[in-house]
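Q: Sending over a structure as structure tokens; questions will come in a sec.
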Amino acid sequence: PPAALALLCASVTALAVWRWLDKQRIQWKMEEARRSRDQGVKRMEKAVQRFREQVSRVQSDDILSLPLVELARRLQEGSLAPATVLYTYIEKALEVSQQTNCLRHFIPECEELLQEIQRRKEKGLLYGVPISIKDHIGHKGHLSTCGLVQFLNAPVQEDSVLVKVLKRQGAIPFALTNVPQSLFSYDCSNAIFGQTLSPLNHEKSPGGSSGGEGALIAGGGSILGIGSDVGGSIRLPSSFCGLCGLKPTSDRLSVWYTCLLKVHVGSPPPPPVPCALGPMARDVDSLALCMKALLCEEMFRLDPTVPPIPFNEEVYLSSAALRIGYYDTDGYFPLPPCVRRAVRETRDALRAAGHELVPFTPPRVHYVMTELFLKAFFADGGRAFLDLFTGNIVDPGLKTQVNCYKIPTLGKKLLALILKPLVITMISICRSVNNMWKHQHQIMAYRTEFIATWRNLGLDVVLCPVLGPAFTLGYPGRLLTAISSTMLYNVLNFPAGVVPVSRVTEADEEELNLYRGYSDDPWDRTLKQAVRGGVGLPVAVQCVALPWQEELCLRFMKEVETLCREK
């Protein structure tokens with residue numbers, strides 16, 4: 001009937017108008033977030049200009065070249081003023097962000113905090129040190145977006161515990177850095193704030209998900225940053241950008257008031273593969289100073305779930321010979337020739353320095369990748385993950401992954417017959433609660449097996465590869481399978497750090513032409529394309545210790561750093 005037809009047409013029109021209005025609302029929110037960022041940049045530019053007018057003689061290059069330990073010493077003794085250091089780093093951060101798009105937002109309250117710490121009677125270990133923090137680490141009055149539209153609404157109401165402790169130790173958080181949409185990526189791009197570039201090569205990714213931190217620190221715009229790691233998100237940007245980074249045991253540092261909900265989108269609490277917060281810097285001593293500052297009574301008081309274990313400086317400063325396990329491939333995803341060369345050269349240097357090197361084979365990494373890691377995040381088949389993408393706003397780097405979860409169950413089963421096991425896991429159908437408990441048990445059983453293998457060899461630490469060098473833009477989203485080297489130690493919840501030890505050479509590039517991986521399949525060929533053109537880029541190794549032994553891990557990293565710098 002005409003009335004029914006008219007009603008149907010009106011309904012369709014109303015639906016179309018509603019969708020259009022919703023899309024406009026989303027676009028407005030994104031534009032408003034970008035305007036707010038731009039206003040923050042202008043405010044900081046004016047602040048730097050005012051400071052320059054008041055203090056004309058500032059040796060910026062000298063300040064920026066100081067290692068963190070030396071900078072902290074000069075700030076403590078008063079030979080450098082906190083204001084001079086802060087505005088020097090803000091000015092450099094403005095320059096680096098203009099080139100790389102690494103900042104999500106400046107923290108203008110840093111100027112008020114500067115005045116406050118200068119009035120304090122007691123100076124903390126990080127007195128006057130400017131520090132950058134990753135987008136999703138809560139800072140009062142600022143958004144914690146994770147690159148997602150739906151989190152553009154409400155500013156954080158309270159500082160995270162980690163930020164509170166940093167401020168108590170005299171540090172000055174001055175910038176929040178960019179992240180990939182949803183954090184579940186090792187690139188650094190989102191639809192709101194755009195793509196972050198590597199400061200070492202603008203055609204390369206800085207890594208992720210702490211990619212904004214990596215780009216800012218590597219570009220010289222920050223001397224110390226805090227990232228998070230649930231699959232390699234501290235270690236991969238450190239590898240790509242030539243930095244040192246530490247993923248501690250989860251809960252060695254507090255994660256309270258950090259937006260972990262946005263990371264563990266498909267898991268019931270507590271997550272079987274936990275998130276860890278950790279430092280990123282230009283050298284290992286900087287990481288150690290940061291850990292020493294954070295592992296204090298204030299941290300233990302504010303978060304009673306953190307074990308009250310202060311930093312053990314005696315372990316960090318020890319010079320005793322170590323028994324070191326090593327491997328240059330995990331048997332799952334073969335890494336580029338330059339990475340394996342870096343591990344072998346580091347092994348030889350450690351052996352020449354008097355350490356004992358023992359071949360080590362991590363057990364069943366294929367099983368870890370296909371059965372343990374991704375099932376921990378997508379226990380619901382990716383439904384909660386899809387809910388994060390308000391208005392179907394999806395960054396290009398995540399579209400392939402997001403589209404996988406949209407495939408109907410029958411289609412997933414058909415794809416499971418022809419695709420690699422990891423992809424099967426990514427598009428797996430929902431599992432029962434009983435199966436999820438079994439999965440938790442499988443992870444615990446694997447940890448027990450791994451530790452037994454470690455102890456049977458009498459190892460102190462392990463030397464192993466980390467993915468690198470930096471990927472060409474657009475490739476991280478196509479190669480999730482490549483990060484088994486870092487994912488393994490998230491499943492195990494072991495402390496693991498990254499140290500740059502070499503650079504890609506012309507010989508490495510020539511050897512890459514012969515690279516075939518294990519089976520010369522599309523994944524192997526894609527990796528070859530991703531790392532091509534990397535001559536001069538940093539190559540890193542990974543250093544691992546048993547749970548709660550961050551000091552030993554750092555001591556091992558320092559040994560590797562020292563030997564490689566001498567070389």
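Q: Restricting to the range 507-520, count the residues that are open to solvent by 80 Å² or more (accessible area, probe 1.4 Å) and outside any loop (DSSP other than H, G, I, E, B).
A: Of the residues in that region, 2 qualify.
Q: Determine, yes or no, whether Ile192 is more than 22 Å from Leu64 (Cβ to Cβ) and open to solvent by less than 20 Å² (accessible area, probe 1.4 Å).
A: Yes, satisfied.
Q: Now for a different question. Filter the range 18-60 down to residues that are farther than 15 Å from Gly391 by Cβ and among the β-branched types (Val, Ile, Thr) and give me whichever is surrounded by the fewest Cβ atoms within 10 Å (Cβ to Cβ).
A: Only one residue fits best here, namely Val55.
Q: Tell me which residues, restricted to the range 94-117, are within 21 Å of Ala293 (Cβ to Cβ) and open to solvent by less than 30 Å² (accessible area, probe 1.4 Å).
A: If the condition is that a residue be within 21 Å of Ala293 (Cβ to Cβ) and open to solvent by less than 30 Å² (accessible area, probe 1.4 Å), then Ile107, Cys110, Leu113, Leu114, Ile117 are the ones that fit.
Q: Would you mention how many residues in the range 242-277 are at pLDDT 95 or above and either aliphatic (A, V, I, L, M) or under 19 Å from Leu480 (Cα atoms) (or both)?
A: Going through the range 242-277 one residue at a time, the tally reaches 5.
Q: Also, I was wondering about something else. Which residues, taken from the range 146-189, are more than 20 Å from Ile107 (Cα to Cα), of a type in the set (S, T, N, Q) and assigned to a loop (DSSP other than H, G, I, E, B)?
A: Across the range 146-189, the qualifying residues are Gln181, Ser182, Ser185.
Q: How about the range 271-325: which of its residues are within 19 Å of the chain's Cα centre (by Cα) and under 30 Å from Lys438 (Cβ atoms)?
A: Pro271, Pro272, Val273, Pro274, Cys275, Ala276, Leu277
Q: Let me ask something else. Name the pairs: first residue in the range 227-238 and charged (D, E, K, R), second residue part of a loop (DSSP other than H, G, I, E, B) and surrounded by 24 or more Cβ atoms within 10 Å (Cβ to Cβ), Cβ to Cβ under 8 Å, at least 6 apart or on different chains?
A: Within 8 Å, the pairs are Asp229/Ser210; Arg235/Val466.
Q: Let me ask something else. Within the range 153-168, track down each residue that is buried (at least 17 other Cβ atoms within 10 Å of the Cβ) and not β-branched (Val, Ile, Thr).
A: The answer is Asp159, Ser160, Leu162, Lys164, Leu166, Lys167, Arg168.
Q: Which of the numbered conditions does Gly78 fail, given that it passes all the others? Conditions: (1) modelled with pLDDT of 95 or more; (2) open to solvent by 70 Å² or more (accessible area, probe 1.4 Å); (3) not hydroxyl-bearing (Ser, Thr, Tyr).
A: Unmet for Gly78, out of (1) modelled with pLDDT of 95 or more; (2) open to solvent by 70 Å² or more (accessible area, probe 1.4 Å); (3) not hydroxyl-bearing (Ser, Thr, Tyr): (2).
Q: At least 1 residues that are over 25 Å from Leu537 (Cβ atoms), open to solvent by less than 40 Å² (accessible area, probe 1.4 Å) and at pLDDT below 95 in each: list the helices (runs of 4 or more DSSP H) lying fully within the range 323-393 that qualify.
A: Those helices (runs of 4 or more DSSP H) span 374-377, 383-387.
Q: Shifting gears a bit: Mind listing just one residue for me: the one in the range 344-361 that is in contact with a strand residue (DSSP E or B) (Cβ under 8 Å, 6 or more places away or on another chain) and of a type outside the set (D, E, K, R) and, of those, nearest to Gly147 (Cα to Cα)?
A: The selected residue is Thr346.
Q: Among residues belonging to the range 523-567 that are of a type in the set (S, T, N, Q) and within 21 Å of the chain's Cα centre (by Cα), point out the one that is surrounded by the fewest Cβ atoms within 10 Å (Cβ to Cβ).
A: Going through the qualifying residues, I end up with Gln549.
Q: Could you give every pair whose Cβ atoms fall below 8 Å, whose first residue belongs to the range 197-223 and is more than 11 Å from Pro237 (Cα to Cα), and whose second residue is of a type in the set (Val, Ile, Thr) and in a loop (DSSP other than H, G, I, E, B), counting only separations of at least 6 or pairs across chains?
A: Going by the 8 Å Cβ cut-off, the qualifying pairs are Ile223/Val129.
Q: Can you pull out the residues in the range 434-474 that are touching a residue at least 40 places away in the same chain (Cβ under 8 Å), in a helix (DSSP H, G or I) and among the hydroxyl-bearing types (Ser, Thr, Tyr)?
A: Selection gives Tyr446, Thr453.
Q: From Trp548, Trp523, grab the single residue that is in the same structural domain as Leu350 (by the TED database), in a loop (DSSP other than H, G, I, E, B) and touching a residue at least 60 places away in the same chain (Cβ under 8 Å).
A: Within the list Trp548, Trp523, the selection yields Trp548.
Q: Something else: Residues Leu492, Leu473, Leu463, Leu457: which one is at pLDDT 95 or above and closer than 22 Å to Asp285 by Cβ?
A: Among Leu492, Leu473, Leu463, Leu457, only Leu463 is at pLDDT 95 or above and closer than 22 Å to Asp285 by Cβ.
Q: Next question. Please determine whether any residue of the range 223-240 is open to solvent by 10 Å² or more (accessible area, probe 1.4 Å), assigned to a helix (DSSP H, G or I) and touching a helix residue (DSSP H, G or I) at 6+ places or on another chain (Cβ under 8 Å).
A: no
Q: Which condition breaks for Leu197 when tested against (1) under 18 Å from Gln99 (Cβ atoms); (2) of a type in the set (A, V, I, L, M, F, W, C); (3) open to solvent by less than 10 Å² (accessible area, probe 1.4 Å)?
A: Among (1) under 18 Å from Gln99 (Cβ atoms); (2) of a type in the set (A, V, I, L, M, F, W, C); (3) open to solvent by less than 10 Å² (accessible area, probe 1.4 Å), Leu197 violates only (3).
The values are calculated or read from the model by the stated rules, or taken from the named source; none is laboratory data. Keep in mind that what you see is a predicted model, and the values were worked out from it rather than measured. Neighbour counts are summed over all protein chains in view; Cβ atoms, including those assigned to glycine, are modelled from backbone coordinates with ideal geometry. When the accessible area is computed, the model is the full protein with side chains, heavy atoms only, and any ligands, DNA or RNA have been set aside. Shrake-Rupley method; radii C 1.70, N 1.55, O 1.52, S 1.80 Å.
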